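Below is one structure, written out as structure tokens, with a few remarks after it.
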Amino acid sequence: MALLMRVLRNQSNISQWVPVCSRLVPVYPTQGQWGRTGVSQLHSTKESPQPIEEKVGAFTKIIEAMGFTGPLKYSKWKIKIAALRMYTSCVEKTDFEEFFLRCQMPDTFNSWFLITLLHVWMCLVRMKQEGRSGKYMCRIIVHFMWEDVEQRGRVMGVNSYILKKNMILMTNNFYAAILGYDEGILSDDHGLAAALWRTFFNQKCEDPRQLELLVEYVRKQMQYLDSMDGEDLLLTGEVRWRPLVEKNPQSILTPRAPTYNDEGL
């Protein structure tokens, strides 16, 4: 809540870091390449929506070329609150313990960051499909992520010099991971597995079943995000993640009705 109040008081201080996330339309294989029963059916049940090109005036183009944000479909403070909720869903609605266990990852800050990065990237891919408002929301999500990373480092007692040095390293790794994941999601399962092996597992995964599990997770998660209404995501930011291991591969259902962030005001 303190973080939210700082956002509302300091709206002009939002970082201008722009995620290098391509305009993506996931390409799913027509045949399950990993041999997991029921997985291929998940990939083909719904086509990803094409991003909508917004028509903007000359004035908006000029001010955005100067690095400012022009008028958006919804008010910026609503999008900022939704962005905070979406980032919060990446760190509070993800079962980190299950990732640690099934992917054999150590319970460390770096492992937490890698898991969070993967979920933030999936949110960025989805919101980039929502035009200029979605791209603006992506900037805010990334801002909240770095603010949270820095605060967690301070809470852990990391020396300020070391923290600053690590932040620079993590920033470089973040944008490299975004580019790798972008390329992987547009490729087949082998391409996505290679991207996850390089970034998520840091080239240290020797069990192909772990890669298979992560590829399946990302594919079904992207499909699930695509099933969510873009307007609802822009206004609420509410995301419910599918479990890492699906008890029923055919259980991806339409998400429940969201709660808008201005209700009750």
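When the range 72-110 is filtered for residues that are farther than 16 Å from Asp148 by Cα, of a type outside the set (Asp, Glu) and not in a helix (DSSP H, G or I), the ones remaining, listed by number, are Leu72, Lys73, Tyr74, Ser75, Cys103, Gln104, Met105, Pro106.
Screening Asn159 with (1) within 19 Å of the chain's Cα centre (by Cα); (2) open to solvent by 50 Å² or more (accessible area, probe 1.4 Å) gives one miss only, at (1). Filtering the range 97-128 to residues that are open to solvent by 10 Å² or more (accessible area, probe 1.4 Å), of a type in the set (A, V, I, L, M, F, W, C) and in contact with a helix residue (DSSP H, G or I) (Cβ under 6 Å, 6 or more places away or on another chain) leaves only Met105. Take the conditions (1) over 26 Å from Gly230 (Cα atoms); (2) open to solvent by 20 Å² or more (accessible area, probe 1.4 Å); (3) modelled with pLDDT under 55; Gly38 misses just one of them, which is (2). Being open to solvent by less than 20 Å² (accessible area, probe 1.4 Å) and under 19 Å from the mean Cα position of the chain (by Cα) is the requirement here; does Gly153 meet it? In short, no.
Consider Tyr217 carefully, then state whether it is open to solvent by less than 30 Å² (accessible area, probe 1.4 Å) and touching a Leu at 6+ places or on another chain (Cβ under 6 Å). Answer is yes for this residue. Among the residues of the range 176-211, those that are charged (D, E, K, R), in a helix (DSSP H, G or I), farther than 14 Å from Leu114 by Cβ and open to solvent by 30 Å² or more (accessible area, probe 1.4 Å) comprise Glu183, Arg209. Against the numbered list (1) touching a helix residue (DSSP H, G or I) at 6+ places or on another chain (Cβ under 9 Å); (2) open to solvent by 10 Å² or more (accessible area, probe 1.4 Å), Leu169 comes up short only at (1). Residues in the range 219-244 that are closer than 25 Å to Ser133 by Cβ and either of a type in the set (A, V, I, L, M, F, W, C) or in contact with a Phe, Trp or Tyr (Cβ under 6 Å, 6 or more places away or on another chain) (or both): Met222, Leu225, Met228, Leu233, Leu234, Leu235, Thr236, Val239, Trp241.
The values are calculated or read from the model by the stated rules, or taken from the named source; none is laboratory data. Remember, it's a predicted structure, so these values are computed and weren't measured experimentally. Cβ coordinates were reconstructed from backbone atoms using ideal geometry, including for glycine residues, and neighbour counts include every protein chain displayed. For accessibility, only protein heavy atoms count, side chains too; no ligands or nucleic acids. Shrake-Rupley method; radii C 1.70, N 1.55, O 1.52, S 1.80 Å.
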